[in-house]
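Contents: one structure, followed by commentary.
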Amino acid sequence: MTETPVDGPLEPGSQWYDGEAGPLVRPYAMTGGRTQSGPTGVRFDLIALVVLDPAAPALDDSVLGPEHRTLIGLCRAETQSVAELAADADLPVGVIRVLLGDLLELGCVAVSRPVPPAHLPDERILREVIEGLRAL
């Protein structure tokens with residue numbers, strides 16, 4: 001893809017790919033160069049569910065970047081997985097994980113992790129319970 005300015009002269013460093021794309025912002029600029037989700041060390045699975053914390057403190061707009069506010073807006077509507085947030089925000093999953101780490105530290109969101117398959121009940125036991133209930 002070639003970089004072509006649209007609609008007149010631009011300031012140096014503000015290259016546009018096309019009229020719909022807008023200015024290009026690199027992922028490391030959104031995360032401040034970070035690749036980990038903060039000092040909490042939380043690793044967000046793609047299927048981890050993120051919900052806006054109802055007890056979240058009111059934050060000044062200077063604390064949150066536009067991407068943080070986008071994620072809060074997406075979580076406000078309904079609980080979403082990390083993968084859904086990445087798709088809806090049109091950002092790489094790595095960036096979403098770092099931004100969610102920021103929001104988690106600020107107390108804006110709550111994350112529920114999926115249950116590992118090893119901790120799920122055995123299907124055989126569930127079938128025996130169902131058969132026992134039917135026998136009643």
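The values are calculated or read from the model by the stated rules, or taken from the named source; none is laboratory data. All values reported here derive from a predicted model rather than from experimental measurement. Here the Cβ positions follow ideal geometry from the backbone for every residue, glycine too, while neighbour counts run over all protein chains shown.
Annotations for the structure displayed:
- Set 79, 40, 31, 35: member being of a type in the set (S, T, N, Q) and either at positive phi or modelled with pLDDT of 75 or more (or both): 79
- Members of segment 39-96 found to be touching a Lys or Arg at 6+ places or on another chain (Cβ under 9 Å), outside any helix (DSSP H, G or I) and closer than 23 Å to residue 115 by Cβ, listed by number: 42, 43, 44, 45, 47, 48, 49, 52
- Filtering 63, 50, 82, 95 for residues that are closer than 22 Å to residue 30 by Cβ, in contact with a Pro (Cβ under 8 Å, 6 or more places away or on another chain) and of a type in the set (A, V, I, L, M, F, W, C) leaves a single hit, 95.
Here's the yes/no breakdown for (1) over 12 Å from the mean Cα position of the chain (by Cα); (2) closer than 21 Å to residue 36 by Cβ; (3) hydrophobic (A, V, I, L, M, F, W, C):
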| residue | (1), (2), (3) |
| --- | --- |
| 63 | yes, yes, yes |
| 78 | yes, no, no |
| 89 | no, yes, yes |
| 96 | no, yes, yes |
| 109 | no, yes, yes |
| 120 | yes, no, yes |
| 124 | yes, no, no |
| 133 | yes, no, yes |
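- Output for segment 97-118, where each listed residue is part of a helix (DSSP H, G or I) and touching a residue at least 24 places away in the same chain (Cβ under 8 Å): 97, 98, 99, 100, 101, 102, 103, 104, 105, 106
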